[in-house]
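Below: one structure, written as structure tokens.
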């Protein structure tokens, strides 16, 4: 093009205005992964989540707790203070907080001011993960945790890890929703040339968005070919489903089998990946990953092989999305993006995220 | 707390709105320490003070002078130019300034434009320090220098030094005004466990604010125990006074003695520290320190011992206040701080600083 | 001066408001040097010009092409993608662009959206330089290239190079327009003490601005004295002309001769320098340089000697203008600059640049 077509540009910009982006407010009334269980122990630990600096520790009884990482008196970070039993003593003027964030001692005076302290957060530990409710603690929706059965069930073997993404969390969700990118961004790892052109279908529910892609027949890359024993076959099947579960969780499920065998008797291999998306700031994201398989449960070598190869691929996403973030940061008045057919689920998801953020803001 | 109490939050925010903070304008009609005397010599020297870039040198007659560090023609820094006798020749187009900042030569033309040059500043050198008046030079209040008698008197022995603080100057004043922090931030250096709980009283004058704390009986930390010979006593007295003298000066005076001896005959040891506070930017401060004692005047080893130990402690403040600054920078709409009883002098001082800044701005 | 004179300050500020500065919009309807010819080849190459990130490559037929460096789908940089023949395949989702920036393939669907792609740019290669038209490609003014005859003519020998300037492009134009700075900023390289005081005259045309300075008699610095054989003479002539040709080009021409010889028979030596000014951002500039001589055409040693000495001098400009940029960035409400007689051409040029930017913006 010699110049952007004004009609196309304005149309695209109108469409974009309805979608969540790096400018959109965070969604607070949600569960996010705050940390891996092993990260929270008897040493004060800090992490920024949805732009808030939060301090974590584990009580003597073993319960993980979290509160704002800033003394309510003169803003000294509690994470740079002292853990004393189940209390934190601010290292600046000695104000003591209980595990709920309440002031319980002010050394220079007899009584504590009432109703004073720092905001604390509801945490729930499930399997390898510690979840945090970023909204009002008393309104935490404990009945609807994002955790999926396979993430904790004994019928699945799991590995996990974490990466730091220099990009907005919406871009990561979008990346996961449209796996046509496997052919290009992951050409050297988990992608194959036929992936992008494979047939797909979309399911759009009220707050669940699914894109399912059937790559049949195909040749599996080693990361899946080796563990399933389908390496070498030119007629393998790779049925992939990207599912937006919550602002904090995107689940990718893939089934592999030999397509030339009868459906009733062929062995099927399933892997599932929980992409756990925790915004740090508007331009950075904590990216936790839980990967599961329903086969070779005891074979730790296979688990390690898949983990290593997968993380090499996820690192390609991290590098690529940082480049996208750079471009988005430089966006000017003429900035627009064009959506295509395979973005249908992702566009619906982004519209949902925007609606959630807007309705929270309206409250 | 599960959530901030809205009434407490709004109350605290209203109270904060009346206090100087990192958002408050600088106070220009004041004396600040610009430099240690030894820093200003026959080499051009630059320093940013209250956000202004200023160049200093000493004339051939030995007088320290200061002017804005930017050629009025095309903004080349004079500090990167040439000192020629008592003039500066801009290294860009050769415009020559006298020691008052006036243009006295433009090489490419015969005459200089009139009334042209850069703003110069009134400096006064007293003892180890060079003071600068940041307001209108002709209105410099030379009758009321912040210098205290002990800072230049021969009855006192002194050491001095300087640190760079990545924090706002108001936070440093506040830090000095409430020494309950000695027990916590300085637990490993100059603090003792009983300090924070010791009885204190407050004197609030029109533009002087004092907090006096009597720690009796106590055990002195080595930094004071050794030089006074009171090390080991469990019944020492430590009478500390924090006094806000001016936006540029906070004086801490401490008297030590053996509390079990009769008041008339017991030896008393006094130390005084001038904490010289010169804002660099809204988030950084030049922190000059002059420390004096009225005993062991000739004993340089004692002077060095105290200086070294004190600077280790002041460095803890510098590190801690940088953490506070980080927290303040991230303040959002829900940000508030709660004051306590021992903040009474500090709150009055911050109200005074705000009033001074506001009234200057109103002019 | 003790304080800025309010009348002088306001007068200067009013005058400044009419001149282009680092706050002024870029001028897009212009030719700029995008790259040296050798920089653009069969590897994707990116450069920011007038704040836009642009990707370059050379087609298989050898033609240099340029387009916006951001996929119109989801903003992945094309420069981090794959060059495939004369097309770029986005590394994210495989969208393929032709050399004009049009979408020609979307792998996940059969048809491409119409009128979609990224903006492409008109390039013209002349000699060592590739020029880019930053405005509407179809409106590129190919009849008025800034290239001057000597920049490509065989009667001239040339060397070239490039530097990166941490400063606004207007400052560089101004630097070039008033060479009185040679005596000061270049005292150690190409300046001589008499340069700043030499007689000059000014020609102001509609969009051409010239300052001509006659330094006669003078002693040439080695950079010119050696190549011309005039080294040692105290009566050399150095006739320098600074000419603003376009926002992207400032030409400096200098003639040297022995002033005591008769005008009709004396040998004259001419050098010309094209200072090619391509704004990168509002605070940085690509500074390309083409240097020519009309003597000793075959003597590469002389060419290298002059090139090396000149670049040492131009580096002094780059260092000095970065200091000026720092000062300009800190400008507050009281900021002003005073112009002098030798700024007359430069002030006219800056007024012209402002008028150009404003009229583009008005469109």
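Before moving on, here are some points about what is shown:
- Computed from the C-beta positions of residue C:266 and residue C:15, the FRET efficiency with R₀ = 35 Å rounds to 0.25.
- Contact order, relative form, for chain B: 20 percent (alpha carbon pairs under 8 Å, 6 or more residues apart, mean separation divided by residue count).
- Label geometry 7 Å along the beta-carbon vector: residue C:222 inter-copy distances in nm: 6.0, 6.0
- Helix A:300-329 vs. chain A, principal-axis angle (Cα, 0 to 90°, nearest 10): 80
- Calculated on alpha-carbon atoms, Rg and Dmax of the range A:249-321 in Å: 15.4, 50
- Label 7 Å beyond Cα on the Cβ vector: residue A:13 copy-to-copy distances, nm: 3.3, 3.3
- Label point distance in nm, residue B:360-residue C:231, each placed 7 Å from Cα along Cα→Cβ: 5.7
- C-alpha long axis of helix A:6-16 to longest principal axis of chain A, angle in °: 60
- Per-residue Cβ neighbour rank within 10 angstrom, fewest leading, C:141, B:194, A:69: C:141, B:194, A:69
- Taking the C-alpha atoms of chain C, convex hull volume expressed per residue in Å³: 165
- Approximating the spin labels as points 7 Å out from Cα along Cα→Cβ, the residue A:136-to-residue B:152 distance works out to 6.3 nm.
- Note on C:315-324: average number of Cβ atoms from other chains within 10 Å of each residue's Cβ is 3.
- For peptide C:328-337, the mean count of partner chain Cβ atoms within 10 Å of a residue's Cβ comes to 3.
- The value of relative contact order for the range A:141-222, using C-alpha pairs under 8 Å at least six residues apart, is 18 percent.
- 7 Å along Cα→Cβ, label-point gaps from residue B:152 to other copies, nm, shortest first: 7.4, 7.4
- The range C:286-363-the range A:1-76 distance, computed between alpha-carbon centres (Å): 46
- Geometric extent, Cα atoms of the protein assembly as shown - Rg, Dmax (angstrom): 35.6, 107
- Volume per residue that the Cα convex hull of the range B:149-362 spans, once the total is divided by residue count, Å³: 135
- Cα pair distances of the range C:1-67 binned at 10 Å [whole percent]: 16, 31, 18, 14, 13, 8, 1
- Computed on the Cα trace of the range B:35-139, the radius of gyration divided by the Kirkwood hydrodynamic radius gives Rg/Rh = 0.96.
- If you bin all the Cα-Cα distances of the range B:277-362 at 10 Å, starting from zero, the percentages per bin are 12, 28, 36, 17, 6, 1.
- Measuring from each Cβ of chain A to the axis that turns chain A onto chain B, the shortest distance belongs to A:329, 11 (residue, then whole Å).
- Residue-averaged [θ]222 nm for the protein assembly as shown, counting only DSSP H segments that reach four residues, each worth -39500 (n - 2.57): -7000 deg cm²/dmol
- Relative contact order (percent, whole number), the range A:38-121, Cα cutoff 8 Å, 6+ residue spacing: 22
- At q = 0.19, 0.20, 0.23, 0.25 Å⁻¹, base-10 log of I(q)/I(0) for the range C:190-283 (Debye sum, equal scatterers on each alpha carbon): -0.93, -1.00, -1.17, -1.27
- Mean-square fluctuations from a GNM of chain A, with a 10 angstrom spring cutoff on Cα atoms, peak among A:122, A:219, A:197 at A:197.
- Principal-axis tilt of helix C:344-362 within chain C, Cα atoms, nearest 10 degrees: 20
- Residue by residue along B:193-199, Cβ atoms of other protein chains within 10 Å of the local Cβ number 3 on average.
- Residue exposure sequence - C:14, B:253 - by fewest surrounding Cβ within 10 Å: C:14, B:253
We did not get these values from a lab; they are worked out from the coordinates using the rules stated. Given the structure is predicted, the values throughout are model-derived calculations rather than measurements. Please note: Cβ atoms are built from the backbone with ideal geometry, for glycine as well, and neighbour counts cover all protein chains shown.
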